[in-house]
Each structure stands twice: as structure tokens, then as C-alpha cells.
Amino acid sequence: MKLVNLKATPCLDGVFRSECYVSAIDWSSLKVPPYQLVKIQNDDGSRVILRGNIVPVTFPLFGEFGNLRVKEDFYAATNAPAKGTFVAIKDNGIRCITTPCFSTDKLVLNKPKISQVSSIDLSQTGTTQKQLDAATSEIFGKGLIAVGITEVIENVDPTNRATQFVGTQFYLRVEPK
């Protein structure tokens, strides 16, 4: 099995690559009901994001291989293709009395690049209001994984520019039951 990891995850040998080979996926630490696990395992990879570690496993007569130990999984809100940059967005606690207010951190996944945005637009994702509410809760909770672009919004005052993250897809955390 091949893992695509955006060139920022060390493979078992410690080298950072765009793809790592693992011999198996260890689902044991993922506390989800069997029906959800089957849904995740049967996905073609286009709607699921897994977070975990590659851990060494020794096979007698064959040597050491890596297994992916899954810690969390996220499921796409819609069937729409993800277009743009994969990011984690999370409220940073900043509160303002004027705009723009850069109260949301945006972290490009698997990169050490953090920036702030002043607003988030998930309306182009084609999701339901319930899914949008869940996404907002994630932003104010553990953080939301989303895909999209960041746009600069020009205001009348050129020193007062805002930045908006416009999402094309987002992934909701599958909560353990």
C-alpha cells in the first residue's frame, strides 16, 4: 500500500518523501463502530483523510516494514473533488472590535507554514447547513481540515486588506463512539 503525504512525512527510514510504502494499516486505535470502519476501508481514497504514524513492524524472515497506525480519520463533506491547498483552520482566540480581524489560523497540511485569515467562506462546497454548522464547530474546537484557496480582499483603505479562505471541500472528523 502506498501513502501519499505531500513530501513532508518521514517514511520508516526517516527520509521525507512524497510517498511511503506501508505493509498494512493498523486500525486498532481508531475507536469507531464497525459500520463506519467498513465505510472508511472501502473508500477509494478520494473522500478519506487518515492521520497517524508509520511504525516499524518486524516480520521473521522478511525484515522490518512500516505499518500505518491510524489515530484519526476525516470524511469529505461532499462528493465534490478537492481543489486547492489542503489546510487545517482553527480559531486562534483573537477577538477584535473592528475588521478585518485575523482570528483564524491557517496551517498548510504537512508544511511548517502558518498564516492568519480574516474570514472563511465554505458556501461553495455545496454542503447542507448542518454540515456547515459542524464545520464551524470544528473550527472553534479541534480544527477543521479544508481544501481551497486564500484570496486577498481589497478594501477602500489599502492598508486595511483582508484575507479570506474560500473552501471547495472540507473534511469532518469521524468521532469515536
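The values are calculated or read from the model by the stated rules, or taken from the named source; none is laboratory data. Note that the coordinates shown come from a computational prediction; the quantities given were computed from them, not determined experimentally. A quick note on method: Cβ atoms are made from the backbone with ideal geometry, for glycine too, and the neighbour counts reach across all protein chains shown. The area values use the complete protein model at the heavy-atom level, side chains included, leaving out ligands, DNA and RNA. Shrake-Rupley method; radii C 1.70, N 1.55, O 1.52, S 1.80 Å.
How about segment 107-119: which of its residues are open to solvent by 70 Å² or more (accessible area, probe 1.4 Å) and either touching an Asp or Glu at 6+ places or on another chain (Cβ under 9 Å) or at pLDDT 90 or above (or both)?
Result: ILE114, GLN116.
Here are ASN79, ASN92: which of them is modelled with pLDDT of 85 or more, within 24 Å of LYS39 (Cα to Cα) and not hydroxyl-bearing (Ser, Thr, Tyr)? Don't jump to the end; show me each part of the working.
Details: ASN92 fails: within 24 Å of LYS39 (Cα to Cα).
After ruling out the rest, the residue left standing is ASN79.
Looking at segment 85-106, which of its residues are in contact (Cβ under 8 Å) with a residue 24 or more places away in the chain and open to solvent by 50 Å² or more (accessible area, probe 1.4 Å)? Talk me through it step by step, then tell me what you get.
Taking segment 85-106 and keeping what is in contact (Cβ under 8 Å) with a residue 24 or more places away in the chain, we get 85-92, 99-100, 102, 104, 106.
Selection gives THR85, PHE86, LYS90, THR99, PHE102.
For THR78, are the conditions met, namely being touching a residue at least 60 places away in the same chain (Cβ under 8 Å), touching a strand residue (DSSP E or B) at 6+ places or on another chain (Cβ under 8 Å) and open to solvent by less than 30 Å² (accessible area, probe 1.4 Å)?
Values: touching a residue at least 60 places away in the same chain (Cβ under 8 Å): yes; touching a strand residue (DSSP E or B) at 6+ places or on another chain (Cβ under 8 Å): yes; open to solvent by less than 30 Å² (accessible area, probe 1.4 Å): yes.
Yes, satisfied.
Restricting the first residue to segment 13-42 and requiring it to be in a helix (DSSP H, G or I), which pairs with a second residue that is of a type in the set (Asp, Glu) meet a Cβ separation below 6 Å and a spacing of at least six or different chains?
Taking only residues 6 or more apart or on different chains, the pairs are ILE40/ASP73.
Based on what the data block shows, is GLY148 buried (at least 21 other Cβ atoms within 10 Å of the Cβ), in contact (Cβ under 8 Å) with a residue 12 or more places away in the chain and under 15 Å from the mean Cα position of the chain (by Cα)? Give the steps one after another, and end with the answer.
Numbers: buried (at least 21 other Cβ atoms within 10 Å of the Cβ): yes; in contact (Cβ under 8 Å) with a residue 12 or more places away in the chain: yes; under 15 Å from the mean Cα position of the chain (by Cα): yes.
Taking the combined requirement at face value, the residue satisfies it.
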